Every structure is written in C-alpha cells, then in structure tokens.
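The values are calculated or read from the model by the stated rules, or taken from the named source; none is laboratory data. Everything numeric in this text was worked out from a predicted model, so none of it was measured. Counting neighbours? That spans all protein chains shown, and the Cβs are built from the backbone with ideal geometry, glycine included.
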Amino acid sequence: MKKVTVLLGGPGKEREVSLNSGKATLSALEELGFITSTIDLPENLDELVIQLKAINPDVVFNCLHGPIGEDGTVQSILNDLKIPYTHSGVTASTHAMDKWTSYQIFKENNIPTPETKKISLSENPYCPLPFPCIVKPINEGSSFGIYVISSDKDWEELKQNWSFGNECIIQSYLKLREIHAAVLDNVALGTIEICPKETFSIFSYQAKYVPGEARFLCPAPIDKDMEELAKTTALQTYQSLGCRGLARIDMMFDGKVFYVLELNTQPGFTATSLAPQIAKSQNISFAELVRKMVESARCD
Ligand SMILES: Nc1ncnc2c1ncn2[C@@H]1O[C@H](COP(=O)(O)OP(=O)(O)O)[C@@H](O)[C@H]1O
Ligand SMILES: [Mg+2]
C-alpha cells in the first residue's frame, strides 16, 4: 500500500482551517488503508525538506491553504524532491493565488469576471471605481482583508486600517447569487449555492466557518442549462490556469452569466467543505474523493 504524507497546519492565518482539512483527510486515508503520516508545515522550509526526505512518501496529500502551501512554494519543493503531490502544480498555484494575475488570465480567455483594477492605496486619494466596490489583498484567502466600500468615509477608513501591503485589488461589487463549482481531474463535478445570513455583505470568514451563519444548497437550484453553463465556465477557468486535481471556482450569477471571482487550487477539505459537498452530490464520497486525488497525484 502507498505511503501518503498529509501536509497540514503551517504558520499562516489559515492554520486552523488547514488543521481541519488535514484531520479529515488523514482519517479518510486510514479508512482506505494507506500508510499515513503527517507533517505540520514548519516555518523553516529546509526543515520541511529534511522531514520529507526522512519519511520518503509515495504521495504528499497537500492540505495547506494560503501562502506557501497554495502559492507554488511547497509545490516547487515537491517537484525538486520528485514526490508526487495532490492538486495543482507550481504555475497554476502561483497564478491562481495572485488575484491580479488571475484576473488578467480570465480576461485573456474571455471568462466573465467583475471589472478589476490593481492600485497602490497611497497613490489613490479617491476611490477609482464607483461605489459599491470591493477591496481585496492580492494574495490572501478565507475572505481575509476583504472590504465593501460604499462611501467616501469607507474609503478613508480603509486607507487608515489597511494592513496587507501598499497594493491591493479593487473590484466592482456584484450583489448577486453566489455559486461555486468544483472541478476534479479536468471534469466539472457540479455546483453549490451559498446563502449567507442577510446581515453579511460578503461570504465572510465568519459566514464560512461558523456553523449556521450560511445555508448551502447543493446542487445549486438553477435550471439544467444554467447548471451546464456554470460547469463550462468553471472548467474553462480551471483550464485557463492549467490546474490539475481538485479546484473550486467561486462565481457570482445574475441569472444569465457566471462571473468568476477566483479559483482556489487548495479548497477547504473537510467532509462538509464546499468542494467535497459538491462531490458528494455526484455520489462521490469523501473517502472516494481522497482516493481519486491520491491516484492522480503527480509532479510538474
Ligand atoms: N466582486 C465581488 N462582488 C461581490 N462580492 C464579492 C466580490 N468579490 C468577492 N466577494 C465576496 O467575498 C468573498 C471572498 O472573496 P474571494 O474573491 O473569493 O476571496 P477569498 O480568497 O478570500 O475567498 C466571496 O466569496 C464573496 O462573497
Ligand atoms: Mg473565495
């Protein structure tokens, strides 16, 4: 049986989320009979290399989220060590993690996406898009640092409190139905609609991870042809970035068009996370999903 090492935790803001993904994955791997081990991502990446060499696994199951684990850094180390790993390779990970680069790739490929600019906050006395708009860090996840700007006052407050570097992206705020889709090994699996409580203006960190703060409808209650369009848009997005393995595509839907917000190369991965829920709606259990991902693990 294959030796599979789960990579989890790490020092970043998404540590807790990653520990949950890792724990769920580990028990599925055990249920499937794999020889398992875990590595909590150390701050010093030389230490990671030492631990990987000591274990010498057949496959690394990457359960990291956010910088280092999702931005191509870990993927590049695994390529060098020739250890096959789950999810996307270096280039897709690097591009997907950078919301400005992704936006440019979506535009080049005619994938619908909200109007977006990259700006330096210190050089922009006025907000460059009409209100309401949304400001995001270039390289974060889990809704960290996302602000809806509805007035000059919000804009001034944002500039005072912003702590994610000088540059950010600013985007038209689309108050639409939020629908995500999952793609596995170049096949669009299906959709899920996210309905945060009315009090939320976005699918925030709290709405994402506190039970009861959002409802999830899986598959999304949309017509068959719109379901097909969601899947086509998601697959095009996945292919435009050159992804592999599992990915989740976050979109807004106005009844006719799916506007892509981002693609997550390392989506949340507990049994009740969005991508696994989508898989389950297509009769792929969490353990089966884990097995398929181990099978399709590779290096660049
Ligand atoms: N342009 C937008 N219009 C409306 N809501 C948005 C927009 N962009 C993001 N959001 C909201 O913010 C959430 C997080 O944004 P997203 O771009 O997916 O970044 P993250 O990497 O933090 O998940 C989305 O799930 C959505 O609810
Ligand atoms: Mg998102």
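Against the condition part of a loop (DSSP other than H, G, I, E, B), more than 15 Å from ligand 1 (Cβ to nearest atom) and over 14 Å from the mean Cα position of the chain (by Cα), how does Lys231 come out, does it pass? Please lay out each step first, then the result.
Working: part of a loop (DSSP other than H, G, I, E, B): no; more than 15 Å from ligand 1 (Cβ to nearest atom): yes; over 14 Å from the mean Cα position of the chain (by Cα): yes.
Spelling it out, it is not the case that Lys231 is part of a loop (DSSP other than H, G, I, E, B), more than 15 Å from ligand 1 (Cβ to nearest atom) and over 14 Å from the mean Cα position of the chain (by Cα).
Among the residues of the range 246-256, which ones are away from ligand 2 (no atom under 14 Å from the Cβ) and touching a strand residue (DSSP E or B) at 6+ places or on another chain (Cβ under 7 Å)?
Just the residues of the range 246-256 that are away from ligand 2 (no atom under 14 Å from the Cβ), to begin with: 246, 253-256.
Of everything in the range 246-256, those that are away from ligand 2 (no atom under 14 Å from the Cβ) and touching a strand residue (DSSP E or B) at 6+ places or on another chain (Cβ under 7 Å) turn out to be Leu246, Phe253.
Residue check: is Tyr173 within 16 Å of ligand 2 (Cβ to nearest atom) and more than 30 Å from Asn20 (Cα to Cα)? First the steps, then the outcome.
Details: within 16 Å of ligand 2 (Cβ to nearest atom): yes; more than 30 Å from Asn20 (Cα to Cα): yes.
Answer is yes for this residue.
Hey, does the range 257-269 have a residue that's over 24 Å from Thr232 (Cβ atoms), within 16 Å of ligand 2 (Cβ to nearest atom) and either in a strand (DSSP E or B) or in contact (Cβ under 8 Å) with a residue 12 or more places away in the chain (or both)? Write out each step before concluding.
Our first condition is that a residue be over 24 Å from Thr232 (Cβ atoms); within the range 257-269, this holds for 269.
Keeping just the survivors that are within 16 Å of ligand 2 (Cβ to nearest atom) gives 269.
Pick out the ones that are also either in a strand (DSSP E or B) or in contact (Cβ under 8 Å) with a residue 12 or more places away in the chain (or both) and you get 269.
Yes - at least one qualifying residue is present in the range 257-269.
Please tell me if Ser143 is within 16 Å of ligand 2 (Cβ to nearest atom), in a loop (DSSP other than H, G, I, E, B) and at positive phi. First the steps, then the outcome.
On the way: within 16 Å of ligand 2 (Cβ to nearest atom): yes; in a loop (DSSP other than H, G, I, E, B): yes; at positive phi: yes.
So Ser143 fits the description; yes.
Residue by residue through the range 178-197, note down the ones that are more than 14 Å from ligand 2 (Cβ to nearest atom) and under 30 Å from Thr86 (Cβ atoms). Let's see the steps before the verdict.
Of the range 178-197, the ones more than 14 Å from ligand 2 (Cβ to nearest atom) are 183-191, 193, 195, 197.
Result: Val183, Leu184, Asp185, Asn186, Val187, Ala188, Leu189, Gly190, Thr191, Glu193, Cys195.
If we keep just the residues of the range 200-228 that are small (Gly, Ala, Ser) and outside any helix (DSSP H, G or I), which is surrounded by the fewest Cβ atoms within 10 Å (Cβ to Cβ)?
We begin by selecting, within the range 200-228, every residue small (Gly, Ala, Ser); these are 201, 204, 207, 212, 214, 220.
Then keep just the ones that are outside any helix (DSSP H, G or I); that gives 201, 204, 212, 214, 220.
Working: Ser201: 15, Ser204: 18, Gly212: 7, Ala214: 18, Ala220: 23.
Out of the qualifying residues, it is Gly212.
Can you pull out the residues in the range 271-295 that are assigned to a loop (DSSP other than H, G, I, E, B), in contact (Cβ under 8 Å) with a residue 40 or more places away in the chain, within 19 Å of the chain's Cα centre (by Cα) and away from ligand 2 (no atom under 16 Å from the Cβ)? Write out each step before concluding.
So in the range 271-295, the residues assigned to a loop (DSSP other than H, G, I, E, B) come out as 271-273, 282-285.
Within this subset, residues satisfying the condition of being in contact (Cβ under 8 Å) with a residue 40 or more places away in the chain are 271, 273, 282, 284.
Now narrow it down to the ones that are within 19 Å of the chain's Cα centre (by Cα): 271, 273.
Hit for the range 271-295 is Ala271, nothing else.
What residue, of Gly141, Gly89, is buried (at least 17 other Cβ atoms within 10 Å of the Cβ) and modelled with pLDDT of 95 or more?
On the way: Gly141 fails: modelled with pLDDT of 95 or more.
On inspection, the qualifying residue turns out to be Gly89.
For the range 52-111, how many residues are assigned to a helix (DSSP H, G or I) and touching a residue at least 12 places away in the same chain (Cβ under 8 Å)?
Restricting attention to the range 52-111, the residues satisfying the condition of being assigned to a helix (DSSP H, G or I) are 52-55, 73-81, 90-97, 99-108.
When the remaining residues are screened for being touching a residue at least 12 places away in the same chain (Cβ under 8 Å), the result is 52-53, 55, 73-79, 81, 90-97, 99-100, 102-103, 105-106, 108.
Total meeting the criteria: 26.
Limited to the range 76-107, what total is found for residues that are touching a His at 6+ places or on another chain (Cβ under 8 Å) and closer than 25 Å to Lys23 by Cα? Break it down stepwise before answering.
Taking the range 76-107 as the starting set, the residues that turn out to be touching a His at 6+ places or on another chain (Cβ under 8 Å) are 93, 101-102, 105.
After this cut, where a residue has to be closer than 25 Å to Lys23 by Cα as well, the list is 93.
Going through the range 76-107 one residue at a time, the tally reaches 1.
For the range 128-181, which positions are under 25 Å from the mean Cα position of the chain (by Cα), more than 24 Å from Tyr209 (Cα to Cα) and among the hydroxyl-bearing types (Ser, Thr, Tyr)?
Ser172, the sole residue that qualifies.
Considering each of Tyr147, Tyr85 in turn, give the residue that is closer than 30 Å to Gly9 by Cα, of a type in the set (Ser, Thr, Tyr), away from ligand 1 (no atom under 15 Å from the Cβ) and touching a Leu at 6+ places or on another chain (Cβ under 8 Å). Show your work before the answer.
Values: Tyr147 fails: away from ligand 1 (no atom under 15 Å from the Cβ).
Going through Tyr147, Tyr85 in turn, just one is closer than 30 Å to Gly9 by Cα, of a type in the set (Ser, Thr, Tyr), away from ligand 1 (no atom under 15 Å from the Cβ) and touching a Leu at 6+ places or on another chain (Cβ under 8 Å): Tyr85.
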